Amino acid sequence: MAESIKQVIKRNLWYENQVVRQILGICSSLAVTNLMANSLVMGLGLTFSVALSSFTLSLLRNLIPRRIRMIVQTLVIAAYVILVDLIIKAFLPDISKALGPYVALIITNCIIMGRAEAYAQKNPPLLSMLDGLFAGVGYTAVLLLIALIRETLGFGTIFGYNINWLGMDNWTIMVMAPSAFFIIGVLIWIVSNRQEKKKGR
Amino acid sequence: MKNGYLSTIVFILALSLIFGSALAGVYAWLKPTIETNNEIAEKRAILEAFALDFSGSTDAIADRFSQSIEETEINGLSVYQLKDETGTVTAYAVPFSGSGLWGTIRGYLAVSGDLEQVVGLTFTEQNETPGLGGRIDEPAFKEQFRSVAIDYEAGFSYGESGSGQLDAITGATSTSNAVLQMLNRLLQETLAGWEVP
C-alpha cells in the first residue's frame, strides 16, 4: 500500500500542494512574501521543521499513546521550530530581524501538524520524512513564486538586485499583504483548473 | 497497559525531558553568538548615528567603537559620547523608544556636543511594514536628519516635498509620525533638560 517515492514527490509538489491545493500555511504566505530572501529562509525553515518532525513522530508512532498524540506532536514540532529560530538568530541575524516573529510562528503552521496527523502517524519514518520534505519544498516553491511577482513589481528587485531597468514606478499594493491574497487566488484558480481539466471534466 | 494513565504520564514526561534538555544544550551553545550579534548590531547603529564608518567585520566594529566612544550617564540616562583627540565631547548618542504602527521602535539620536544640531539617526529595532514603514531604516530617510538644527520649541516636523525640510515616507504616514513623536518627546523631555559644559 505504501506510496513510491515518486508518488510522494508528485503529490506534494503538485496534486496536493500545501498552499494552492490544501490552502494551508496561508498566513505566512501573505506575510513574508514581499521579498524573495525572506520567503526562501521561511520556506527552508519550514521544510526543515516539517521533515524532521514528521520523521521523529513517525519513529515514535507506535509508542505514542493515542489520546495525547496531539500534545506530543506539538511538543516535537515546537522543539524543532525553536531550534530553527535559534540557528537563524545566531547565523543570519539580519534575516532574523526581517522575519520577526514569523519563524517562531512556524509552530502554528497547519502544514506541519497536518503532515503529522495525515501521514506520519501511519507511515514509516523515511517515507514520512520525504513526505514532509516535499510538502515543505512545495510550500517554498509557491512562496518564492508569489515573492517573485511581489518583489519585482513592488520593489523592482529580485533577491535585492535591481532589475527595474525601465524605471517603472513601484506598486505600493504589492508590498502590502493584500496583494498576496490576489496572487494566491489566481494561482489556486490556475492550478485547480489545470488539474480538473486533466481529470477530463 | 499501553494506554494506561501512568504510562501516558511517563511517556510525555520522558519526551519533554529529552527535547527540553536537547534545546537547552543548543541554546547554551548558541547563546554567546546571539549575544555578540545583538551587541555588534547595537554598536553598528551607534557608529552610524555618529556618522562614522559602520561597515566591516565584527572585530573591526568593536575596535572602532572602543577607540572613540564611551558610555556615560547624564541625568540618570545612559548615553554614548564621542570624543575627539583632545578629549572634548563632540557628540552624544541618546537612545529613544516608542510604539510604531506594529511594534516597538528603538534607536539612537546622535546630537552635537553643544546640543544644537542632529548628527545622525539610527534604528536598532523596528517591526514596521517591510517596504513601507520599514523604510525608516533606509538611508533615504535616516540621512535627511544629519546636520538638522534642533529647535527645542517647535521640535522636528515634516515639510512639503523639496522644501529642504524633513520628508515623511509616502504610504507610511503612521510610522513616519510615530518616529517624529518619539524624537520630539526625546527633545522636550530629555535633551531640553541637559546642562552640558
Where does the charge balance sit around A:TRP171 when Lys and Arg score +1, Asp and Glu -1, over other residues with C-beta under 13 Å from its C-beta?
-> -1
So which trypsin sites (Lys or Arg not before Pro) in region B:114-197 end up in coil per DSSP with only 16 or fewer other C-beta atoms within 10 Å?
-> B:ARG146
Low-density loop trypsin sites (Lys or Arg not before Pro), region A:37-139, at most 13 other Cβ within 10 Å, DSSP non-H/G/I/E/B, are A:LYS122
Taking N as the number of residues in chain B, what is its Cα Rg relative to 2.2 N^0.38 Å?
-> 1.37
Quarter of the surface of the C-alpha convex hull for the protein assembly as shown, i.e. direction-averaged projected area in nm², equals 25.9
Distance between Cα centroids, region B:181-197 to region B:86-105: provide it in whole Å.
-> 11
Calculated [θ] (222 nm, deg cm²/dmol) that DSSP helices of n ≥ 4 give over chain A, each run adding -39,500 (n - 2.57) = -21000 deg cm²/dmol
Using helices alone, what [θ] at 222 nm do you get for chain B, with -39,500 (n - 2.57) per DSSP H run of 4 or more residues, divided over all residues and rounded to the nearest 500?
-> -12500 deg cm²/dmol
Cβ-derived FRET efficiency at R0 45 Å, B:ALA62 paired with B:GLU189, nearest 0.05 = 0.90
Do you know the relative contact order of region A:78-148, to the nearest whole percent, from alpha carbon pairs under 8 angstrom that are 6+ apart?
-> 24
Shape box of region B:26-84 [Cα atoms, principal axes, largest first, Å] = 41, 29, 16
Where GluC sites (Glu not before Pro) in DSSP loops with at most 12 other Cβ within 10 Å are excluded, longest remaining stretch of chain B = B:1-84
Loop chymotrypsin sites (Phe, Trp or Tyr not before Pro), region A:145-191, which have at most 15 other Cβ atoms in a 10 Å radius of their Cβ (DSSP) = A:PHE159, A:TRP165, A:TRP171
Report the one residue of A:ILE149, A:PHE48, B:ALA62 whose Cα lies farthest in the direction of the positive end of the charge dipole of the protein assembly as shown (charges on C-beta: Lys and Arg +1, Asp and Glu -1; origin at the Cα centre).
-> A:PHE48
Cross-chain or 8 or more residues apart, Cα under 30 Å: how many lysine pairs in the protein assembly as shown fit that? Count them up, please.
-> 22
Quick one: work out Rg over Rh on the C-alpha atoms of region B:47-150, Rh as Kirkwood radius.
-> 0.98
Give me the distance in nm between label points sitting 7 Å out from Cα along the Cα-to-Cβ direction at A:CYS27 and B:GLU153, one decimal.
-> 5.1
Using only alpha carbon pairs under 8 Å that are at least six residues apart, calculate the relative contact order of chain B and give it in whole percent.
-> 14
Separation of the B:THR104 and A:TRP171 label points, Cα + 7 Å toward Cβ, nm | 3.7
Would you work out the charge dipole size for the protein assembly as shown about its Cα centre, treating the Cβ of every Lys and Arg as +1 and the Cβ of every Asp and Glu as -1, and quote it to the nearest 20 debye?
-> 3600
Antiparallel bridges, percent of DSSP beta bridges restricted to the protein assembly as shown (to nearest 5) | 95
Would you please calculate the Kirkwood hydrodynamic radius of chain A over all C-alpha pairs and express it in Å, rounded to one decimal?
-> 17.6
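All of the numbers you see were taken from the coordinates with simple rules; none came from a lab. Bear in mind the structure is a predicted one, so any value in this text is a computation, not a measurement. Don't worry about glycine lacking a Cβ; one is built from the backbone with ideal geometry, like all the others, and counts go over all protein chains shown.
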